[in-house]
Amino acid sequence: MRVIGLAGWSGAGKTTLIVKLIPLLRARGLSVSTLKHAHHAFDVDRPGKDSFLHREAGAAEVLVASVKRWALMHELRAEQEPSLAGLLRHLSPVDLVLVEGYKQDAHAKIEIHRAANAKPLLYPNDPSIKAFVSDGALSLPSHLPQAHLDDAEAIADFCLEFSRPLEETICLLAQEARA
């Protein structure tokens with residue numbers, strides 16, 4: 001299992017890109033999972049549904065299963081937000097995990113940048129950025145691999161080239177947490 005992050009500011013096109021990358025990577029014979037960070041409270045359940053009522057009543061976890069899928073919801077209540085390393089440990093084995101967000105963490109990342117956002121670059125302040133993707137031309141060091149935001153095939157190549165093994169990623173994240 002290997003891990004690569006796609007990091008950038010909100011509105012850069014990370015989700016749109018991931019939706020393009022998943023079928024490309026699957027066509028190359030890889031199994032792919034994603035892990036996305038949300039900066040706000042979110043709900044995958046709807047009020048009135050049994051699983052919602054279970055959580056609302058105080059269940060720590062609710063697992064919902066059907067013939068098509070299963071989902072596990074874990075309520076944090078007063079617990080701290082889980083770390084990226086902790087969340088990665090919950091995933092079932094796949095060939096590649098695409099991490100959306102977690103731009104402050106030390107895992108290998110590809111920076112996604114949209115010029116119209118007028119946001120500062122994460123690179124060079126983040127040494128874990130291994131490649132750069134943008135919708136415009138920027139003057140970056142030549143050693144940093146670059147691709148256009150519309151070149152999903154090249155970005156898929158970056159994902160494979162710069163992804164790191166799960167255990168290596170978890171060790172990096174643990175070192176960062178201790179620092």
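The values are calculated or read from the model by the stated rules, or taken from the named source; none is laboratory data. Note that the coordinates shown come from a computational prediction; the quantities given were computed from them, not determined experimentally. For neighbour counting, all protein chains shown are included, and Cβ atoms are generated from backbone atoms with ideal geometry for every residue, glycine included.
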- Task: Would you check which residues across segment 20-47 are of a type outside the set (A, V, I, L, M) and either under 17 Å from A71 (Cβ atoms) or touching a Gly at 6+ places or on another chain (Cβ under 6 Å) (or both) and list them?
- Result: S33, T34, K36, H37, F42, D43, D45, R46, P47
- Message: Step by step: first the residues of segment 29-72, then only those that are hydroxyl-bearing (S, T, Y) and in a loop (DSSP other than H, G, I, E, B), then the one that is modelled with the highest pLDDT. Which residue is that?
- Response: S31
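In segment 73-88, what residues are without any contact (Cβ under 8 Å) to a residue 24 or more places away in the chain and part of a loop (DSSP other than H, G, I, E, B)?
E75, L76, R77, A78, E79, Q80, E81, P82 - these are the residues of segment 73-88 that are without any contact (Cβ under 8 Å) to a residue 24 or more places away in the chain and part of a loop (DSSP other than H, G, I, E, B).
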- Any chance E100 is acidic (D, E) and modelled with pLDDT of 95 or more: yes
- Query: Taking segment 51-75 only, how many residues are more than 16 Å from S92 (Cα to Cα), exposed (fewer than 10 other Cβ atoms within 10 Å of the Cβ) and not small (G, A, S)?
  - Reply: 2
- Is segment 118-131 home to any residue that is closer than 22 Å to H37 by Cα, charged (D, E, K, R) and touching a strand residue (DSSP E or B) at 6+ places or on another chain (Cβ under 6 Å)? no
- Note on the structure: Per the filter on segment 12-28, residues in contact (Cβ under 8 Å) with a residue 24 or more places away in the chain and either of a type in the set (S, T, N, Q) or not in a helix (DSSP H, G or I) (or both) are A12, G13, T15, R28
- Task: Being surrounded by 13 or more Cβ atoms within 10 Å (Cβ to Cβ) and closer than 21 Å to R89 by Cβ is the filter here, so list the residues in segment 160-173 that pass it.
- Result: S163, R164, L166, E168, T169, I170, C171, L172, L173
- Report yes if some residue within segment 2-17 is over 13 Å from the mean Cα position of the chain (by Cα), closer than 15 Å to F158 by Cα and surrounded by fewer than 17 Cβ atoms within 10 Å (Cβ to Cβ); otherwise report no. no
